[in-house]
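J.: For reference, the structure I am asking about is given below.
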Amino acid sequence: MSAVKVGIAGAGSIALGTAALLADQGHDPMLWSPSGSGTYGLKGSVTAGGALELDFSPRIAASAEHLVLENDVLIIAVPGYGHKAVMDALAPHISAGQHVIMSSHASMGAIYLMRLLEARGVSTPITAWGTTVVTGRRQDGPVVRVNTVRSRVDLCTVPDSASEAALALCQNLFGDRFQPRDGLLAISLSNLNPQNHLGIALGNITRMERGEVWSQGQNVTPKVGRLLEKLDLERLAIAEALGLSVKTIFEHFHLSFHVPVASISEMNQQMHAQGNGGTGPATADSRYVTEDVPYGLQLTAVLGRLVDRPAILHEAGIQVFSAMYDRDFARENELLTALDLERYSLDDLQQAARTGLLR
């Protein structure tokens with residue numbers, strides 16, 4: 001198996017963890033920091049610890065154009081609030097057939113990127129993952145701790161005619177750990193992080209504000225766990241109304257963190273006992289809120305309204321966090337604003353979920 005050159009847009013925890021997994025699989029990752037500062041100090045050797053133990057030497061891109069031109073495959077691995085700007089930077093340079101992977105897909109971003117490429121007359125497959133292939137935390141210096149490598153990641157590709165080849169590519173890059181799903185709507189509803197982070201952040205917001213060091217798994221207490229389970233029922237009801245198959249929150253924790261199925265609180269306590277429960281955010285300025293509320297919860301709320309399955313707890317979470325942060329999170333989603341999804345019919349969205357083109 002020959003090494004594939006993979007360009008990763010991003011240089012944070014997920015980008016570094018993804019690069020480590022690629023290197024571990026024998027491939028050749030390159031990192032690009034959209035801010036320009038994320039790759040500082042990464043030239044030379046990077047050390048991965050935890051679920052992956054290796055030293056590797058990623059290539060470093062000086063610009064978005066450099067990243068695109070030097071690689072066969074591109075992966076977008078930045079928080080949801082950075083997706084639009086990154087896609088705007090990459091799109092002018094992407095060539096026909098150059099595969100793009102979104103880790104993870106946010107707010108129908110694949111449709112936005114397809115629109116940018118179509119304006120240039122460029123056609124290329126775009127693969128959307130329901131979540132990241134790794135979890136972890138970047139440490140001080142050129143070090144990343146990988147908490148877990150997921151055993152199952154949902155994915156789909158637009159246009160869907162490229163699905164078989166895209167699945168083979170992802171398996172070549174990362175191993176046999178992917179579950180095909182039926183289009184972008186299924187992928188959007190496969191990302192459980194926003195609903196889970198809603199409950200975790202709401203139950204631990206004072207720890208975040210005080211900058212405490214706290215175990216996330218340990219603090220998914222029974223009542224927080226029950227809230228996560230109730231949030232999951234809203235997501236599953238929307239998926240059922242759309243005729244889509246998505247994993248449950250119980251399957252998510254079981255497949256991602258390798259613990260037996262039990263209540264969500266009990267599963268998180270087991271993760272904590274095994275040492276892979278993760279560390280909770282040490283700041284209120286956390287992607288658990290600033291990314292997941294506008295770019296995760298808001299899309300679920302929009303879909304719930306479209307199929308007459310209102311996601312009441314999701315909507316309440318958006319309002320509560322907007323009040324706490326004195327921001328209108330529902331209006332901060334640049335992708336949904338650019339796509340103006342609510343003016344299209346459900347049939348339009350279902351077709352775009354397979355073709356990537358919103359007509």
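The values are calculated or read from the model by the stated rules, or taken from the named source; none is laboratory data. Model, not experiment: these values are computed from the prediction. Here the Cβ positions follow ideal geometry from the backbone for every residue, glycine too, while neighbour counts run over all protein chains shown. Note: accessible area is taken over every heavy atom of the protein model, side chains too, but ligands, DNA and RNA are not part of it. Shrake-Rupley method; radii C 1.70, N 1.55, O 1.52, S 1.80 Å.
J.: Under a Cβ-only charge scheme (Lys and Arg +1, Asp and Glu -1), can you give me the dipole magnitude of the chain about the Cα centre, in debye to the nearest 20? Walk me through the numbers on the way to the answer.
T.: On the way: 28 positive and 36 negative charges, 63 e Å.
Dipole size: approximately 300 debye.
J.: Tell me the label-point distance for the pair residue 240, residue 120, using the 7 Å Cα-to-Cβ offset, in nm and rounded to one decimal.
T.: Placing both labels 7 Å along Cα→Cβ, they lie 4.4 nm apart.
J.: Starting at the first residue of the range 43-60, write each ³J(HN,Hα) from the Karplus equation 6.51 cos²θ - 1.76 cosθ + 1.60 with θ = phi - 60°, in whole Hz, x for Gly and Pro.
T.: 5, x, 9, 10, 10, 10, x, x, 5, 10, 10, 6, 10, 9, 10, x, 6, 10
J.: Long-range amide H contacts for residue 279: which residues qualify at under 5 Å (H placed 1.01 Å from N, peptide plane, sequence gap of 5 or more or a different chain)?
T.: Those lying under 5 Å, H to H, from residue 279 are 216.
J.: With point charges of +1 on the Cβ of Lys and Arg and -1 on the Cβ of Asp and Glu, referenced to the Cα centre of the range 281-359, which listed residue (324, 341, 282) lies farthest in the positive direction of the dipole?
T.: The listed residue farthest towards the positive side: 341.
J.: When only C-alpha pairs under 8 Å and at least 6 residues apart count, what is the relative contact order of the chain, in percent?
T.: 16 percent
J.: Here's a follow-up. What does the extension gain come out to for residue 164 and residue 218, with contour length at 0.36 nm per residue minus their alpha carbon separation?
T.: Gain in length upon complete extension: 15.4 nm.
J.: Moving on. What are the semi-axes of the equivalent ellipsoid for the range 1-140, taken as the square roots of 5 times the Cα gyration tensor eigenvalues, largest first, in whole Å?
T.: Working: eigenvalues 114, 46, 40 Å².
For the range 1-140, the semi-axes come out at 24, 15, 14 Å.
J.: Here's something else I'd like to know. May I have the convex hull volume per residue, in Å³, for the Cα set of the range 88-229?
T.: Details: hull volume 21.7 nm³, N = 142.
Value for the range 88-229: 153 Å³ per residue.
J.: Run the reach check for residue 230 against lysines, Cα to Cα strictly under 22 Å, same-chain hits fewer than 8 apart removed. What comes back?
T.: 247
J.: Ignoring ligands, DNA and RNA, please state the percent of accessible area on the range 180-326 from carbon and sulfur, probe 1.4 Å. Write down the numbers at each step before the final one.
T.: Numbers: 3080 of 5990 Å².
Carbon plus sulfur share of accessible area: 51 percent.
J.: Grab the other residues whose beta carbon is less than 13 angstrom from that of residue 279, score K and R as +1, D and E as -1, and report the net.
T.: Numbers: positive: 137, 138, 145, 207; negative: 212.
Counting the neighbours of residue 279, the net charge comes to +3.
J.: Between (1) 25.5; (2) 21.5; (3) 20.4, which matches Kirkwood radius over Cα pairs in Å calculated for the structure shown?
T.: For Kirkwood radius over Cα pairs in Å, the calculated option is (3).
J.: Compute the length gained on full extension between residue 326 and residue 72: take 0.36 nm times their separation in residues and subtract their Cα-Cα distance, giving the result in nm to one decimal.
T.: Net length gain for the segment: 87.1 nm.
J.: If you take the square roots of the eigenvalues of the alpha-carbon gyration tensor of the range 110-166 and sort them as a ≥ b ≥ c, do you get rounded (a/c under 1.5), prolate (a/b over b/c) or oblate? Write out the running numbers ahead of the final one.
T.: Details: a/c = 3.81, a/b = 1.88, b/c = 2.03.
In terms of gyration-tensor shape, oblate.
J.: In the range 38-110, carbon and sulfur make up what percent of the accessible area (probe 1.4 Å)? List each step's numbers first, then the result.
T.: Numbers: 1380 of 2640 Å².
After summing per-atom areas, the C and S share lands at 52 percent.
J.: Testing the spin-label approximation: label points 7 Å from Cα along Cα→Cβ at residue 307 and residue 233. State their distance in nm.
T.: Placing both labels 7 Å along Cα→Cβ, they lie 1.7 nm apart.
J.: Suppose only helical runs count, i.e. DSSP H with n ≥ 4. What mean residue ellipticity at 222 nm does that imply for the chain under -39500 (n - 2.57) per run, divided by all residues and rounded to the nearest 500 deg cm²/dmol? Walk me through the numbers on the way to the answer.
T.: Working: 16 runs with 154 residues, N = 359.
Per the formula, -12500 deg cm²/dmol.
J.: Moving on to the next point. Which whole-number value in Å² is the accessible area per residue of the chain, probe 1.4 Å? Could the numbers behind the result be given before it?
T.: Details: 14270 Å² over 359 residues.
On a per-residue basis, the chain sits at 40 Å².
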